[in-house]
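This report concerns only the one structure given below.
The values are calculated or read from the model by the stated rules, or taken from the named source; none is laboratory data. Bear in mind that the values here come from a model prediction, so they are computed numbers and not experimental data. Methodologically, a virtual Cβ is constructed for each residue, glycine included, from the backbone with ideal geometry; neighbour enumeration extends over all protein chains shown.
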Amino acid sequence: MKKFAVVAAMATALLGSTAVNAADVEVIHWWTSGGEQAAVSVFAREFDALGEDKWVDTAIAGGENARSATLQRTLGGDPPGAAQFNISRQFEELAEGGLLLDLTPLAESEGWRDFIRPAAILDVCEFEGAIYCVPVNIHSWQWAWASVPAFEKAGVPLPKNLDEFIASAPKLQEAGIIPFAIGGEAWQIGGAMGVVMLSQLGKAGHEAIYKDRNLEVAAGPEVANAITIFKSLKTFTDEGSANRTWNDTTNLVIQDQAALQIMGDWARGEFAVAGEQPGVDYACIAGPAENPYLDTGGDIFLFPKQDDPAVEAAQLKMASMMVNPQVQALFNNAKGSLPVRDDVDMSLADDCMKAGLEILKNPDSVIQGASIYLNQDAIGQTEDLWAELWSNPDLSVEEAQQRFVDIIASAD
Amino acid sequence: MAQLATAKEDGAAARPAAGSSGRKPFRLSTLMSIVGTMPMIATAVGVFFICIIYSFVLSFTNSRIFPAFGADNFVGTDQYARLWSTGRWLVSVNNIWFFGLLSIVANMTAGYLLAVFMDQRIKQEDLFRSIFLYPFAMSLVITGLVWRWILDPNYGIQATVRGWGFEDFAFAPLVNSGTAIYGLVVAGIWNGVGVTMAIMLAGLRGVDGEIWKAAKIDGIPTWKTYLFIVLPMMKGALLTAFILQCVGVVRVYDLIVAMTQGGPGISTQMPAVFVIQHITDRSNVGLGMAAATMMLLPVIVLLGLQVFVQWRANRVKENA
């Protein structure tokens with residue numbers, strides 16, 4: 001027994017020492033679904049191919065959990081080599097606190113400012129003139145995914161905007177179809193509400209509220225409309241929606257059990273994996289509005305400061321690899337997202353992706369998501385509010401709007 | 001914990017001093033006991049006392065991820081004002097009282113009944129005890145996940161019963177914001193009832209056999225003996241079980257994360273989830289600490305009450 005314990009201890013010690021050698025870079029991310037896994041493998045493979053350095057994968061399910069782990073470990077003095085965040089203000093305290101590796105020299109020598117577009121996605125990485133993160137892809141929330149057979153079965157045309165959809169929802173219900181598919185997680189509810197809100201506010205209203213903190217607009221009729229629409233969408237959901245993940249929800253649309261889901265363009269990957277054809281089996285409706293706007297969210301990687309110069313060199317190599325045009329093409333094709341640079345071969349893009357690219361070409365229809373303007377605390381408050389509105393039919397439109405105004409008024 | 005440890009220390013130091021006015025013989029055993037309790041004292045003071053004070057002070061700042069103690073970081077009771085005007089916090093507080101009362105009452109009752117059942121000199125007692133205790137050995141995350149599946153309308157109890165032909169059968173508490181908390185209570189009971197039973201059973205077995213004989217001779221029915229004679233005699237076991245339950249309720253976190261993630265909407269949010277979320281992802285340590293301080297408040301009141309009751313009892317004993 002004792003002998004066994006000694007051997008076991010030695011074995012773990014050995015394992016430990018091989019797992020952590022100088023040029024291992026541990027990467028925390030939350031890409032765990034099928035398409036996401038394929039995409040992150042591109043990074044891992046390309047990085048390992050660069051030389052001796054190794055990509056050590058730490059996938060943590062759920063963005064919030066992964067971000068929490070990174071924040072806590074960095075604060076606790078055991079930072080990972082690299083970590084995923086969203087294009088937002090989620091990590092600004094780490095940058096301000098001087099805990100992140102300064103990528104400015106690399107960015108300047110490679111000319112990131114020249115090829116990364118839109119410029120706004122690199123702006124979130126910049127604090128006091130230094131660049132602390134690498135944007136790797138662009139995602140937009142403002143899409144509705146519709147099942148063409150479901151709408152045909154109910155005998156109603158595909159909607160062009162949310163009002164049309166709500167008008168046709170009772171017919172879908174009569175045909176035994178779940179009109180509106182959504183998973184009851186706070187981020188899905190909050191995201192869908194953001195889309196509804198933007199469809200009512202437009203770019204000017206959106207910027208007035210989140211960028212300029214204009215409380216009159218926040219208390220205005222557009223927001224009230226959005227809340228009303230949101231409340232009526234709730235009445236067209238199924239009872240299984242609580243706790244359902246986004247990809248299970250997308251699957252309902254894929255199987256034509258549900259008619260429509262509001263979800264970011266990462267949902268396209270699920271349709272592709274299921275072998276569905278855009279325009280035939282499913283339709284992607286940008287906006288959903290006649291005059292759609294898209295935000296340029298997405299993911300970034302940041303590199304917490306390390307003591308070991310070998311790891312630091314590997315971190316810089318990884319950052320450079322992530323914006324390499326060829327890696328960008330491979331990664332984004334697998335992920336279903338748009339690359340962060342223009343000079344990338346997107347010949348594999350499907351119709352939905354092309355429609356998105358077309359919209360993004362017009363700067364007037366590109367917006368910055370609320371999370372660029374508000375910090376995570378305020379974003380969380382709005383998510384809580386929309387989640388409460390979602391589950392509590394007694395919360396009136398007026399009260400919900402008043403609380404929204406309060407959040408915007410006190411937001412940092 | 002801290003109080004107990006320091007009280008013992010004081011007593012040990014005071015006694016020899018009172019015994020001899022001049023030089024006292026320093027005993028090795030005294031030194032050893034001081035050395036022996038040092039780690040405990042250090043832990044109690046360091047972990048409990050200092051950390052609690054630290055959190056308390058943090059709750060008056062606008063700290064985000066990093067603790068910030070600058071002059072302009074102190075915002076007074078702003079965090080508390082925001083906390084008590086936050087809908088989600090109010091829902092959390094309501095939930096914990098509701099969940100706590102319901103699950104403690106149910107656990108204590110069911111635990112006692114199970115213990116009485118086990119006390120009937122049944123065959124296979126060891127087997128049953130293991131079965132009832134088993135859920136407690138499992139992580140609350142597993143418990144939560146299993147119950148989430150059982151209560152899921154698409155593949156749990158509801159789907160099964162409907163599959164038998166009862167098309168209108170509806171039993172899916174977790175999907176409705178009004179009933180989700182009952183689903184949590186069920187899982188909580190399943191997890192906690194076994195250990196309550198084990199403690200109560202130990203209490204039952206601790207009761208002197210003579211009492212039973214006396215009750216038999218007096219012709220008191222068995223159920224009355226259990227309820228009015230034996231139950232009051234096992235105060236210790238009851239208190240232990242009760243305190244264990246209370247601790248479990250105050251820190252309930254993993255069950256929520258695994259079962260509902262606070263949903264539908266925010267209807268099953270709990271204070272611990274609020275605290276953890278605000279000091280991590282939401283990057284608002286100040287607010288999180290204000291919430292943590294509010295969580296500590298009922299615990300302090302309970303502890304104070306217990307100390308007071310003990311003090312009263314000692315006084316009565318001394319006077320008698």
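Observations, loosely collected:
- In summary, B:K24 fulfils each of the numbered conditions (1) at pLDDT below 70; (2) outside any loop (DSSP other than H, G, I, E, B); (3) surrounded by 10 or more Cβ atoms within 10 Å (Cβ to Cβ) with the single exception of condition (2).
- The set of residues in the stretch A:391-406 that are more than 9 Å from chain B (Cβ to nearest Cβ) and in a helix (DSSP H, G or I) comprises A:V397, A:E398, A:E399, A:A400, A:Q401, A:Q402, A:F404, A:V405.
- Residue check, B:I157 of a type in the set (A, V, I, L, M, F, W, C), under 30 Å from A:T235 (Cα atoms) and away from chain A (no Cβ under 12 Å): yes
- Residue in the stretch B:161-169 that is under 26 Å from B:L102 (Cβ atoms), surrounded by 16 or more Cβ atoms within 10 Å (Cβ to Cβ) and of a type outside the set (A, V, I, L, M) present: no
- The stretch A:284-296, residues that are under 23 Å from A:G184 (Cα atoms) and surrounded by fewer than 19 Cβ atoms within 10 Å (Cβ to Cβ): none
- Restricting the search to helices (runs of 4 or more DSSP H) fully inside the stretch B:158-266 and requiring at least 1 residues that are at pLDDT below 90 and touching an Asp or Glu at 6+ places or on another chain (Cβ under 8 Å) gives B:180-205.
- Residue match in the stretch A:69-83 (condition: within 14 Å of chain B (Cβ to nearest Cβ), closer than 27 Å to A:L294 by Cβ and small (G, A, S)): yes
- Taken together, the residues in the stretch A:332-368 that are under 29 Å from A:H206 (Cβ atoms) and either assigned to a helix (DSSP H, G or I) or at pLDDT 80 or above (or both) amount to 25.
- Flag if A:L122 is within 13 Å of another protein chain (Cβ to nearest Cβ) and either surrounded by 20 or more Cβ atoms within 10 Å (Cβ to Cβ) or of a type in the set (V, I, T) (or both): no
- Scanning the stretch A:372-390 for residues that are within 12 Å of chain B (Cβ to nearest Cβ), touching a residue at least 60 places away in the same chain (Cβ under 8 Å) and either over 16 Å from A:S88 (Cα atoms) or not hydrophobic (A, V, I, L, M, F, W, C) (or both) yields A:N375, A:Q376, A:T382, A:E383, A:D384, A:W386, A:A387, A:L389, A:W390.
- There is at least one residue in the stretch B:275-293 that is away from chain A (no Cβ under 14 Å), assigned to a helix (DSSP H, G or I) and modelled with pLDDT of 90 or more.
- If only residues of the stretch B:52-62 that are surrounded by fewer than 20 Cβ atoms within 10 Å (Cβ to Cβ) and hydrophobic (A, V, I, L, M, F, W, C) are counted, the one that is nearest to the chain's Cα centre (by Cα) is B:I52.
- Restricted to helices (runs of 4 or more DSSP H) entirely inside the stretch A:19-135, those with at least 1 residues that are under 20 Å from A:W266 (Cβ atoms) and assigned by TED's automatic domain parsing to the domain that holds A:D308 are A:34-49, A:63-75, A:120-123.
- Consider the stretch B:63-111 and keep the residues that are of a type in the set (K, R) and outside any loop (DSSP other than H, G, I, E, B). The one that is surrounded by the most Cβ atoms within 10 Å (Cβ to Cβ) is B:R88.
- Only one of the numbered conditions (1) away from chain B (no Cβ under 14 Å); (2) aliphatic (A, V, I, L, M); (3) assigned to a helix (DSSP H, G or I) is not met by A:V156, and that is (3).
- Residue count for the stretch A:314-365, restricted to those that are β-branched (V, I, T) and touching a helix residue (DSSP H, G or I) at 6+ places or on another chain (Cβ under 6 Å): 3
- Test: residue in the stretch B:216-231 that is within 22 Å of B:I131 (Cα to Cα) and either away from chain A (no Cβ under 14 Å) or in contact (Cβ under 8 Å) with a residue 12 or more places away in the chain (or both): no
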